[in-house]
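Single-structure report; data block below.
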Amino acid sequence: MSAMASSLSTGPLLEVDRVTVRFGGVLAIDDVSFTVLRGDLLGLIGPNGAGKTTMLRAITGVVQQERGSVRLSGRPLDGMSIERRIRLGMALSQQLVKPFRDISVADNVALAAAYRKTLSPLRALLSLSQSAERRVAGELLERVGIARHAEDNPAVMPLGVLKRLEVARALALQPQLLLLDEPLAGLNSQEAESLATTISDINAQGVTIVLIEHNLREVLRICKNLVVLDNGRKIAEGDPKTVMHLETVRAAYLGSGAGDERRNRQHRGSDDA
Amino acid sequence: MNYEISLMTTMAISVLFALSLNLITGFCGQISLGHAAFLGIGAYLAAMLAKAGVPFLLTLPLAMLLAGAVGTVVGLTSLRVRADFLAITTMGVGFLFVGIIRQREWLGGELGIAGITGSNMSKLGYMLFTVLCAILVMALCIYLRRSWMGRVFNGIAEDEDTMRVLGINVPRYKLAAFAIGTALAGLTGALYAYHFQYIGPDSFGFVESITVLSMVVVGGIGSVAGVTVAAALLSALPAWFQFIGDYKLLVYGSLLFLMIRFVPDGMAGLVRRHLGKRRAEERGK
Ligand SMILES: Nc1ncnc2c1ncn2[C@@H]1O[C@H](COP(=O)(O)OP(=O)(O)OP(=O)(O)O)[C@@H](O)[C@H]1O
Ligand SMILES: [Mg+2]
């Protein structure tokens, strides 16, 4: 019994076991397995449409897998609601930003930071004070570099600010496993470097992180391990330098043709809109 | 004077009813087209209990309990459905309620129940009591809005999928909104029964559900002050303009449609924008 308990706390934090996700005819994830050890900063990379976002959504329960299993600290999550998985210690910063538009940037973060008070409706009804949550929000906004926008309305903020808001909101949940989907999108190279450093610092403080990112410069700088997806399949994993030299990985990236450039333009586009 | 007292009581009851729907539809974003059924449940329970000699102050919490319990069950059935289907489900519940009432002789059937007494208050006393209830419920709504429950309701109304990703148990909060809102409707129904001393199936049908929804929309979905003012004014309309009585569905239905089409944020939104403009002008000077 005690042996099992100790294997739970020392084993991998996240296990993705032969997961398959299908959208109608599209096989978005095809029989993918990998594990994330405690303390890892794992880069999940691959060309557009590889299935990276879908993978994080399957882990958090936003989409259901057709086959396979996901385990957190050895505990199967299959069939569990999104909110229960989050309460077990995950947080997801989404690729498509979804701020609440009728409250300020800081209040968006405070809403996540109140996760203890909002555990049940009754406790939420009896909780009025928000000073602690506002303080946490202030600190996190400072940390991701958008403290000056704390009182602004997210509806009028550019993508670069909203992506960082999304990260701050995920951090406010104090997760043991942080899932980041393209947090550096929409940032200039200086901002990207600074946020990547922050992500690395957060990892150094003991938070396990899975990072999806097209900015390979920052991925190679901060990630400890990589998993590469292409067309829904895992084509490589391991140490970043080794992985990036693999012929299959280079071919996948070349095949998608200057993917980085195209994405950056796309993001600028939605930034203006 | 009697007339004014009675009108004032009616207005207070309408305010209570509208605030109870505002909690579900305004705060939490869950549409209901059958809210009058819960008013009816409270009213019928109070009427039956009053006939059985149960004291007034005891019937009120019992009416809340029953309406809230039924409301929670309706909420449960609607957890999995999206907004448009929720509208149909709640509308169905409204028709079902009236259908059942009409069929049951022991509930008065088509004729309804008359001679409901037992509040043991003067007309003036009863008016003051209902106004006090309305003020307390307003205070509750304002408190709720500022509590973390209110903030979560807000988030669910805007984007429930994102609330889930933030770890919020959305179904439980929706149920809470249904439970509180329908319980308050039940309380309102009991007050209604003692005030009019007569209730019948026609008082709790589709027309009443649309009327109360139009009050919420005219006031400004979610705004406590706006909904209070709108409910008070709109409930007095039929008294001031007799002809409205016969065309209630037409009048309140068109009002609802026009507001949603042209002023979706209601009177509260108009006032906010007006104040904003004036402030901007003053700054410009
Ligand atoms: N909700 C959905 N319905 C149908 N197909 C989907 C859905 N979500 C994703 N897909 C498809 O699944 C595949 C994988 O998409 P996914 O968004 O996971 O890729 P990605 O690796 O995150 O790409 P990107 O780098 O562009 O964000 C794509 O072919 C996409 O079109
Ligand atoms: Mg993606």
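The values are calculated or read from the model by the stated rules, or taken from the named source; none is laboratory data. Quantities reported herein were computed from a predicted structural model and do not represent experimental measurements. Here the Cβ is made from the backbone with ideal geometry for all residues, glycine too, and neighbour counts use every protein chain on show.
Tell me which helices (runs of 4 or more DSSP H) are completely within the range B:180-281 and hold 2 or more residues being basic (Lys, Arg) and out of contact with any Pro (no Cβ under 6 Å at 6 or more places or on another chain), or say none if there are none. Let's see the steps before the verdict.
On the way: elements: B:206-219, B:224-240, B:248-262.
Passing ranges, in order: B:248-262.
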Checklist line | Test: A:Val70 is assigned to a strand (DSSP E or B), within 18 Å of B:Val165 (Cβ to Cβ) and touching a strand residue (DSSP E or B) at 6+ places or on another chain (Cβ under 7 Å) | finding: yes
Checklist line | Residue pairs meeting the criteria (Cβ under 7 Å; at least 6 apart or on separate chains; first hydroxyl-bearing (Ser, Thr, Tyr), in the range B:66-80; second outside any loop (DSSP other than H, G, I, E, B)) | finding: B:Thr72/B:Leu175; B:Thr72/B:Phe178; B:Thr72/B:Ala179; B:Thr77/B:Thr89; B:Ser78/B:Leu86; B:Ser78/B:Thr89
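Only one of these is among the hydroxyl-bearing types (Ser, Thr, Tyr) and at pLDDT 90 or above: B:Thr25, B:Thr89. Name it. So that I can check it myself, show each step before the final result.
Numbers: B:Thr89 fails: at pLDDT 90 or above.
The conditions single out B:Thr25.
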Notebook entry, point to check: Where residues in the range B:174-189 are farther than 17 Å from B:Leu140 by Cβ and buried (at least 23 other Cβ atoms within 10 Å of the Cβ), which of them is nearest to the other protein chains (Cβ to nearest Cβ)?
Noted result: B:Lys174
Check: Somewhere in the range A:96-107, is a residue among the hydrophobic types (A, V, I, L, M, F, W, C), within 10 Å of another protein chain (Cβ to nearest Cβ) and touching a Phe, Trp or Tyr at 6+ places or on another chain (Cβ under 8 Å)?
Finding: no
Check: For the range A:56-76, which residues satisfy the criterion of being within 14 Å of chain B (Cβ to nearest Cβ) and either in contact with a helix residue (DSSP H, G or I) (Cβ under 7 Å, 6 or more places away or on another chain) or basic (Lys, Arg) (or both)?
Finding: A:Arg57, A:Thr60, A:Gly61, A:Val62, A:Val63
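Does at least one position in the range B:143-157 carry a residue that is of a type in the set (D, E, K, R), over 19 Å from B:Asn22 (Cβ atoms), facing another protein chain (nearest Cβ under 10 Å) and touching a Ser or Thr at 6+ places or on another chain (Cβ under 9 Å)?
Just the residues of the range B:143-157 that are of a type in the set (D, E, K, R), to begin with: B:145-146, B:151.
The next check asks that each one be over 19 Å from B:Asn22 (Cβ atoms); those that pass are none.
No, there is no match, as no residue in the range B:143-157 is of a type in the set (D, E, K, R), over 19 Å from B:Asn22 (Cβ atoms), facing another protein chain (nearest Cβ under 10 Å) and touching a Ser or Thr at 6+ places or on another chain (Cβ under 9 Å).
Kindly provide the set of residues from the range A:182-225 that are within 16 Å of ligand 2 (Cβ to nearest atom) and buried (at least 20 other Cβ atoms within 10 Å of the Cβ), ordered by number.
Applying the first criterion (within 16 Å of ligand 2 (Cβ to nearest atom)) to the range A:182-225 yields A:182-186, A:210-216, A:219.
Those that are within 16 Å of ligand 2 (Cβ to nearest atom) and buried (at least 20 other Cβ atoms within 10 Å of the Cβ): A:Glu182, A:Pro183, A:Leu184, A:Ala185, A:Gly186, A:Val210, A:Leu211, A:Ile212, A:Glu213, A:His214, A:Asn215, A:Val219.
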